[in-house]
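**Q** Below: one structure in structure tokens.
No lab work stands behind these numbers, since they all come straight from the coordinates. All values derive from a computational prediction rather than experimental measurement. Quick reminder, even Gly has a Cβ in these numbers, built from the backbone with ideal geometry, and neighbours come from all protein chains shown.
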Amino acid sequence: MLTVIIECQDQEPELAQTLSVLVAGAVEGLVCDVVVLDHGSRDGTSRVADAAGCRFHSQWDIKDVVQSARGEWLLLVEPGARPQAGWIEEIAEYVSLNKVPARFTASRAYRRPFLERIGRSQPPLELGLLLSKRQALSVARTGMRLTEFAKGQKTRQLSSELIPSWVARAAR
């Protein structure tokens, strides 16, 4: 079982796009829990999370959030990121056979223009981060943001693609 954690602020449309993709994972029995961590949004983020059945926190301690996660594995994604076809089966197989964190493959259909890729570091959660709850608990500290979980992690690459969140932001 998998808990998805999303950290956002004023990203209602992006959150809705991500949650719509996660529905298939819930129907298949992979996604058991979605947690939205909010940084004072003034848009409809809380309504979108509530309508989708997510746990919504406007104040939290990340250690408590990870501890209360229902799944034994966590998927950390940015609002607007959308896993593509095959992600459910691949993650189900991956978590049953592996202990090492993983990331999605960047979508071939949605790449930044060449000049934007030069000299630019990739945001830590642009390709998501799949890690066990045990691993997350070992690094979780009070006041920590989700992006900090990705720092220093040696990950494997999933073959499933992820449309990064910047695509949804660009479409606004």
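**Q** What are the lysines whose alpha-carbon lies under 18 Å from the alpha-carbon of Lys99, with same-chain residues fewer than 8 places away excluded?
**A** Lys133, Lys151, Lys154
**Q** Once amide H atoms are placed 1.01 Å from N in the peptide plane, what residues at a sequence separation of 5 or more from Val34, or on another chain, have their amide H within under 5 Å of its amide H?
**A** Val4, Arg55
**Q** Report D for the stretch 91-172 in µm² per second (integer): Stokes-Einstein, Kirkwood Rh on Cα pairs, 20 °C, 1.002 mPa s.
**A** 150 µm²/s
**Q** Oh, and also: Consider all pairwise Cα distances in the chain and report the whole-number % of them above 20 Å.
**A** Tail of the P(r) past 20 Å holds 49 percent of the pairs.
**Q** Something else now. Rounded to whole Hz and in sequence order, give me ³J(HN,Hα) for the stretch 43-55 from the Karplus expression 6.51 cos²θ - 1.76 cosθ + 1.60, θ = phi - 60°, writing x for Gly and Pro.
**A** These are the phi-based 3J(HN,Hα) values: 9, x, 3, 5, 5, 5, 4, 5, 5, 8, x, 7, 7 Hz.
**Q** Something else about it: Starting from the Cα of Met144, move 7 Å in the Cα-to-Cβ direction to define the label point; list residues of the stretch 83-99 whose amide nitrogen is under 20 Å from there.
**A** So the set is 99.
**Q** Looking only at the chain, where both bridge partners belong to it, what percent of the DSSP beta bridges are antiparallel (to the nearest 5)?
**A** Within the chain, antiparallel bridges account for around 25 percent of the total.
**Q** In Å³ and rounded to a whole number, note down the convex hull volume per residue for the Cα atoms of the stretch 1-46.
**A** Convex hull of Cα atoms, per residue: 55 Å³.
**Q** Follow-up. Translational D (Stokes-Einstein, µm²/s) of the stretch 19-85 at 25 °C and 0.890 mPa s when Rh comes from the Kirkwood sum over C-alpha pairs?
**A** 190 µm²/s
**Q** Could you pull out every residue, at least 5 positions away or on a different chain, whose amide H is within less than 5 Å of the one on Glu78? Hs are placed 1.01 Å off N in the peptide plane, and Pro or chain starts have none.
**A** For Glu78, whose amide H was placed from the backbone, the distant partners under 5 Å are Gly128.
**Q** Sort Lys133, Lys154, Lys63, Lys99 so that the residue with the fewest other Cβ atoms within 10 Å of its own Cβ comes first and the one with the most comes last.
**A** Starting with the residue having the fewest Cβ neighbours, the order is Lys154, Lys99, Lys63, Lys133.
**Q** Then there is this: Gaussian network model of the chain, Cα springs within a sub-10 Å range: biggest mean-square fluctuation belongs to which of Pro83, Pro101, Pro123?
**A** So, out of Pro83, Pro101, Pro123, the one fluctuating most is Pro123.
**Q** Using a cut-off of 13 Å between beta-carbons, work out the net charge of the residues near Arg42 (Lys and Arg +1, Asp and Glu -1, Arg42 not included).
**A** So the surrounding residues net to -3.
**Q** Follow-up question, since we're still on this one. Taking the number of other C-beta atoms within 10 Å as the exposure measure, put Phe114, Phe104, Phe149 in order starting with the fewest.
**A** Ordered from fewest to most neighbouring Cβ atoms within 10 Å, Phe114, Phe104, Phe149 come out as Phe114, Phe149, Phe104.
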